[in-house]
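Data block below; observations after.
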């Protein structure tokens with residue numbers, strides 16, 4: 001497989017067929033020097049240890065970049081100098097965010113146990129400027145500083 005003549009393939013489909021044929025007919029049927037057994041035998045022996053991802057969507061989420069952000073009072077966070085709108089319930093909280101750095105049209109908020117909580121989108125600056133925020137501000141308890149006893 002190391003000596004591939006790329007001009008033999010006119011499409012990705014042809015390349016995939018050739019690769020599948022190589023894996024099935026040669027690679028998996030020969031003893032591998034690093035594991036001293038056939039790769040297919042090693043795979044079958046370890047099948048119980050393999051975690052299968054239930055859906056393509058979940059697989060996509062696994063490979064996203066991960067960051068934590070504190071949600072500002074205007075219900076936004078910044079990712080790579082891009083502002084994202086976040087649901088009001090997260091104001092003042094630190095959230096776990098996943099995103100694709102090549103596609104900043106959306107990002108996702110995940111829980112600590114890796115459950116998808118919300119999809120977030122870039123800020124629509126005009127709409128964001130019209131939102132009333134007085135209800136977003138958490139009240140501060142100043143009673144410990146009061147002189148009333």
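The values are calculated or read from the model by the stated rules, or taken from the named source; none is laboratory data. Since the model is a prediction, treat every value here as computed from it, not as a measurement. Backbone-built Cβ (ideal geometry, glycine too); neighbour counts: all protein chains shown.
Being loosely packed, with under 14 Cβ neighbours inside 10 Å, closer than 30 Å to residue 40 by Cβ and either modelled with pLDDT of 90 or more or touching a strand residue (DSSP E or B) at 6+ places or on another chain (Cβ under 7 Å) (or both): is that true of residue 57 here?
Judged against the criteria, residue 57 is a match.
Which ones in the stretch 132-149 are part of a loop (DSSP other than H, G, I, E, B) and at pLDDT 70 or above?
Within the stretch 132-149, 141, 142, 146, 147 meet the criteria.
Got at least one residue in the stretch 114-131 being in a loop (DSSP other than H, G, I, E, B) and modelled with pLDDT under 80?
The answer is yes; a qualifying residue exists.
Having 1 or more residues that are assigned by TED's automatic domain parsing to the domain that holds residue 119 and touching a residue at least 24 places away in the same chain (Cβ under 8 Å) is the bar; report the helices (runs of 4 or more DSSP H) wholly within the stretch 1-106 that clear it.
Passing ranges, in order: 56-62.
Mind checking whether some residue in the stretch 77-91 is more than 18 Å from residue 119 (Cβ to Cβ) and surrounded by 12 or more Cβ atoms within 10 Å (Cβ to Cβ)?
There is no residue in the stretch 77-91 that is more than 18 Å from residue 119 (Cβ to Cβ) and surrounded by 12 or more Cβ atoms within 10 Å (Cβ to Cβ).
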